Every structure is written in structure tokens, then in C-alpha cells.
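Values quoted throughout were computed directly from the atomic coordinates according to the rules given, and no laboratory measurement underlies them. None of the values given here were measured: they were computed from a predicted structure. Backbone-built Cβ (ideal geometry, glycine too); neighbour counts: all protein chains shown.
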Amino acid sequence: MGQGVLTVEGVSLRAIAEAVGTPVYVYSAGHIREQYRALAAALAPVRHRICYSVKANGNLVILGMMRSLGAGVDIVSSGELARALAAGFTGADVVFSGVGKTADEMEAALQAGVGMINVESEEELDVLAEVAGRLGVVARVAIRVNPEVTVDTHPYTTTGTKGKKFGVAYDEAEELALRASRTPALALIGLAMHIGSGITETAPFVDALLKVLDVVHGLRGRGVASLTTIDLGGGLGIRYRESDRPLDVNAYADAVLPHLATSGLSLVVEPGRFLVGNAGVLLTRVLYRKKSGGRMIAVVDAGMTDLIRPSHYQAYHEISVDGGDGRPSVPYDVVGPICESGDFFALDRELPELKRGDLLRLGGAGAYGFVMTSTYNARPRPPEVLVDRDRFALVRERETPEDLMRGECLEPPWRSVSR
Ligand code: LLP
């Protein structure tokens with residue numbers, strides 16, 4: 001990775017760090033547009049909708065960009081629904097997935113007129129039918145099938161293997177879908193799957209799709225004529241380090257589209273990481289250096305509270321040093337200020353020799369970065385900046401300690417209850 005003067009599009013990261021401080025997330029609008037267009041072009045041979053997975057990065061400006069590009073959204077909570085609506089999406093643009101939707105969330109979704117609710121269990125189906133019946137509406141549903149295929153990704157991001165909490169067990173999916181199709185408050189319009197995240201091979205998508213199509217055939221054979229949609233989920237893997245071989249979207253399209261073409265169903269995909277992962281970086285500065293037990297340690301001003309992926313999944317994020325060109329290479333543990341030994345970004349990583357105040361860029365931080373932040377150690381969350389060509393804008397302010405105390409009090413407002 002280059003260690004010269006670091007930029008995102010035409011803007012120097014040093015200028016952003018000086019203007020808004022560190023740590024800070026910086027996103028490239030241009031990269032998001034390129035990724036969206038590449039995927040849309042690859043899927044062009046079939047009727048499709050790209051429903052951006054809000055959980056990857058829910059910043060309103062990014063959601064607004066997705067909407068302008070023509071995307072719909074995949075949401076997982078009423079909080080994400082509120083964000084999507086605030087960004088100008090209509091209910092019809094929304095697919096609502098998630099293993100534990102509450103009745104209140106279903107009600108909010110039905111009131112917003114969401115396009116499709118992906119149901120993940122029999123009990124959930126009953127609750128949805130009850131809520132829709134009470135509201136006097138018909139809920140458009142898909143059954144999320146667990147296709148029970150093997151996927152080579154981190155165990156925490158595998159969702160489509162046998163026994164996982166996600167989706168309806170494969171051998172029960174057809175019966176449940178049939179039930180949905182016969183429930184007056186429900187319209188069965190599709191089948192859905194999402195087999196995991198960060199998948200770089202096409203084979204698991206094809207294996208899973210074929211199994212889901214078997215369920216489609218089974219249902220059609222039993223007289224169900226209402227299916228219009230197949231939702232393949234997200235999961236398209238990207239490059240985090242130079243040696244990674246990311247999923248090629250054209251290979252993905254070549255592998256899955258022919259199977260769909262014969263089904264007559266239109267396609268929904270729910271990518272998150274593919275669209276925004278490499279659009280984002282996290283900027284942080286070196287606070288202190290020290291040696292301990294023969295290791296060189298660089299303490300930076302971002303921590304696991306700002307980007308949890310290295311700590312939580314042992315994820316690799318590239319680190320570049322602004323102005324680091326030409327310096328000797330030294331192995332560092334790059335760690336944050338949080339009171340946890342798991343608070344690190346890289347262990348034993350060869351980097352240009354670091355100085356106090358150096359600006360570091362952590363790559364691949366656009367997906368599951370800001371959205372997974374916490375405020376542990378009473379650390380306000382970092383701001384977010386969007387770059388478009390030669391301009392940048394602060395699109396979320398840095399949180400303040402006062403923000404974190406909102407809703408608390410010194411004197412408890414007791415309420416008496418009789419026993
Ligand atoms: N659809 C559903 C139903 C999902 O559960 C997910 C992600 C997606 C779509 C989008 O997946 P993507 O295209 O981004 O891979 N925090 C983890 C990733 C968890 C993904 C959860 N579900 C990480 O940092 O790697």
C-alpha cells in the first residue's frame with residue numbers, strides 16, 4: 001500500500017484530519033457510485049432491484065446517494081426503517097429482514113407499506129398475520145429459507161448453514177411458505193436467502209439458489225402461483241488486503257442469472273459491504289509509542305469502540321501512514337486507548353517507522369465500521385465525512401460527552417407502585 005500523501009479522491013486526508021480532528025470516518029462518494037454501477041451492469045440481463053443493506057453503513061447521506069442511484073433498501077429494525085424513510089425511500093423500496101422483528105416493528109413496517117417482509121420462523125409468520133389482520137392490510141411476505149450450504153467465511157458471519165438461527169430450516173420452508181400462501185392477511189410473493197457475509201466464491205450462492213429454486217418448484221407444483229421474487233441476500237466479498245481475491249460481480253452474475261432466467265422470478269440482492277466497504281477509511285493519529293516485551297507498540301487515538309472488526313473477527317484492515325514513504329519498516333502492534341487487551345487494529349504489522357502525531361489510514365472501513373461503534377469508556381463516536389471529487393463535507397458531527405449523558409439524571413425520578 002502507498003505510504004505517500006494520502007488522499008480520498010481529490011482531497012488530502014491531512015486536510016480533513018486538520019479540519020475535523022481524529023478519529024474520523026471518511027467515505028468516497030465516487031467509489032460507492034462505481035460499485036453500484038458495476039453491480040447494476042452485471043445484473044442487467046434480469047429484472048432486478050439492488051436493495052442496499054442499511055446495516056453496513058446507515059449514514060443518511062449514503063442512504064440518499066443509494067436512493068439517487070436507484071437502489072432500494074434492506075432493513076433489519078424499525079430504526080433502520082426510520083433512517084430509510086428519512087432518506088426519502090418509500091415503503092415500497094424496503095425489504096425487511098431479521099430474525100427477531102417485534103410486533104411493533106411489523107406494525108411500523110406495514111404502516112409504511114414495505115415492499116416485502118422476509119419471515120424467518122413459523123411463530124413470526126403467525127404474529128405478522130395477526131398484526132396485518134388487525135391493521136386490515138395484506139402483508140407481502142417472503143419466506144427466508146436457510147439453504148443449509150457450506151460457506152468459507154468467518155463463523156460469526158456465516159448464516160446459511162444447518163442449525164443457524166437465521167431463516168427457516170430447509171426441510172420446513174416449503175410447508176411454511178404454503179401456509180403463508182393460504183393465510184388471508186398475507187401475500188406470499190417470494191423466497192429469500194442470505195448465506196453469509198464476505199463470500200468470495202460463487203459456488204455457495206449457486207448451491208443455495210438451486211436449493212431455494214427447488215422449493216419454488218415444489219410450491220408451484222402445489223398450486224402456488226403468487227411468487228414473483230427471489231431474494232439472494234447480500235454477502236458479496238471485497239478485497240481487504242492486496243492478496244485477497246474478491247468476488248468478481250460478473251462471475252457472480254454469470255453463475256446465478258442463468259438459473260433465475262428460467263424461473264421467471266425477478267431478483268432482489270441485498271449487498272452492504274460490496275457497495276460501501278472499500279469506500280470508507282478511518283483516520284487516526286499516533287498518540288504514543290512504546291516498547292514492551294520486545295514489541296513495538298503504537299497507541300493511536302481510535303479504538304475498538306470506533307472500529308471493532310479487528311478485535312471481534314480478527315479482521316485485517318490495511319494501515320497506511322501519511323508521509324510514510326522512505327522510512328524504514330518496523331513491526332508494530334497498533335492499539336487503541338480502550339482498557340481492553342482486545343483493543344487493537346493490527347498485531348506485529350510491518351509499517352513505516354512511526355512518529356508521534358503521524359496520521360494513519362485504516363482501509364476497508366466503510367462497511368460495519370461506524371455502525372458498530374460503541375461508547376464504552378464514555379468515548380463519543382467519531383464524525384463522518386463524505387468526499388466527492390475535490391470537496392468534502394462533514395455528514396455527521398462528532399458526538400460530545402453531553403450527547404452521551406442524554407436521558408440520564410442525578411436524582412432518580414421515582415414512581416411509586418402498589419404491591
Ligand atoms: N442481508 C441480510 C439478511 C444480512 O443479514 C446481511 C448482513 C446483508 C444482507 C448484507 O451483507 P453484506 O453484503 O454486507 O455481506 N459485521 C460483520 C458483517 C455482518 C453481516 C450481517 N448481515 C462484519 O463486520 O464483517
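Placing unit charges on the Cβ atoms of the charged side chains and taking the dipole of the chain about its Cα centre, the candidate lying farthest along the positive direction among 405, 287, 200 is 287. Built from the Cα atoms of region 28-147, the convex hull projects on average onto 7.8 nm², one quarter of its surface area.
Dipole of the chain, Cα-centred, from +1 at each Lys and Arg C-beta and -1 at each Asp and Glu C-beta, to the nearest 20 debye?
440
At an R0 of 22 angstrom, the distance between the Cβ atoms of residue 377 and residue 312 translates into a FRET efficiency of 0.85. Taking amide H as placed 1.01 Å from N in the peptide plane, the amide H of residue 186 sits under 5 Å from that of 139, each at least 5 places away or on another chain.
For region 208-364, the alpha-carbon radius of gyration amounts to 1.50 times the rule-of-thumb value 2.2 N^0.38 Å expected for a compact globular protein. Ranking 246, 139, 108 by Cα position along the charge dipole of region 98-269, where only Lys, Arg, Asp and Glu carry charges on their C-beta atoms, puts 139 farthest toward the positive end. Using the average count of surrounding beta-carbon atoms within 10 Å as a protection proxy, the listed peptides 69-78, 410-419, 266-275, 207-216 rank, highest first, as 266-275, 69-78, 207-216, 410-419. Couplings for region 258-274, taken from phi via the Karplus curve 6.51 cos²θ - 1.76 cosθ + 1.60 with θ = phi - 60°, read x, 5, 6, 3, 6, 7, x, 8, 8, 9, 10, 10, 10, x, x, 3, 4 Hz in order; Gly and Pro are left as x. Listed by chain and number, the lysines whose C-alpha is less than 19 Å from the C-alpha of residue 290, apart from same-chain residues fewer than 8 away, are 355.
Which stretch or stretches of region 364-390 have amide N atoms under 13 Å from the point lying 7 Å from residue 339's Cα along the Cα→Cβ direction? It comes to 376-379, nothing else. The charge dipole of region 98-269, taken about its Cα centre with unit charges on the Cβ atoms of Lys, Arg (+1), Asp and Glu (-1) only, comes to about 260 debye. Listed by chain and number, the aspartates and glutamates whose C-alpha is less than 14 Å from the C-alpha of residue 55, apart from same-chain residues fewer than 8 away, are 74, 80, 270.
Sorting the segments 178-188, 354-364 by their residues' average number of neighbouring beta-carbon atoms within 10 angstrom, most packed first, yields 354-364, 178-188. Residues whose amide H comes within less than 5 Å of that of residue 365, counting only those at least five positions distant or on another chain, are 280, 281, 282 (H built at 1.01 Å from N in the peptide plane). The slack in the chain from residue 329 to residue 40, taken as 0.36 nm per residue of separation less the alpha-carbon distance, amounts to 99.9 nm. In terms of Cα atoms, the Rg and Dmax of the chain work out to 23.1, 74 Å. Residue farthest toward the positive end of the dipole of the chain, with Cβ of Lys/Arg at +1 and Asp/Glu at -1: which of 91, 169, 157? Comparing the listed Cα positions along the dipole, 91 ranks first.
By the Kirkwood approach, averaging reciprocal distances over each pair of separate Cα atoms, region 292-378 gets a hydrodynamic radius of 13.4 Å. Stokes-Einstein diffusion for region 210-274, with the hydrodynamic radius set to the Kirkwood value over Cα pairs and evaluated at 20 °C in a medium of 1.002 mPa s, equals 158 µm²/s.
Dividing the alpha-carbon radius of gyration of region 98-269 by the rule-of-thumb value 2.2 N^0.38 Å gives 1.05.
Here the simple spin-label model places points 7 Å from the Cα toward Cβ, and for residue 126 and residue 172 these points are separated by 1.1 nm. Relative protection proxy for 341-353, 145-157, 287-299, from highest mean packing down: 145-157, 341-353, 287-299 (other beta-carbon atoms within 10 angstrom). Across the chain, C-alpha contacts under 8 Å between residues 6 or more apart give a mean separation that, scaled by the residue count, equals a relative contact order of 20 percent.
Computed extension gain for residue 69 through residue 242, at 0.36 nm per residue and net of the alpha carbon distance, reaches 59.4 nm.
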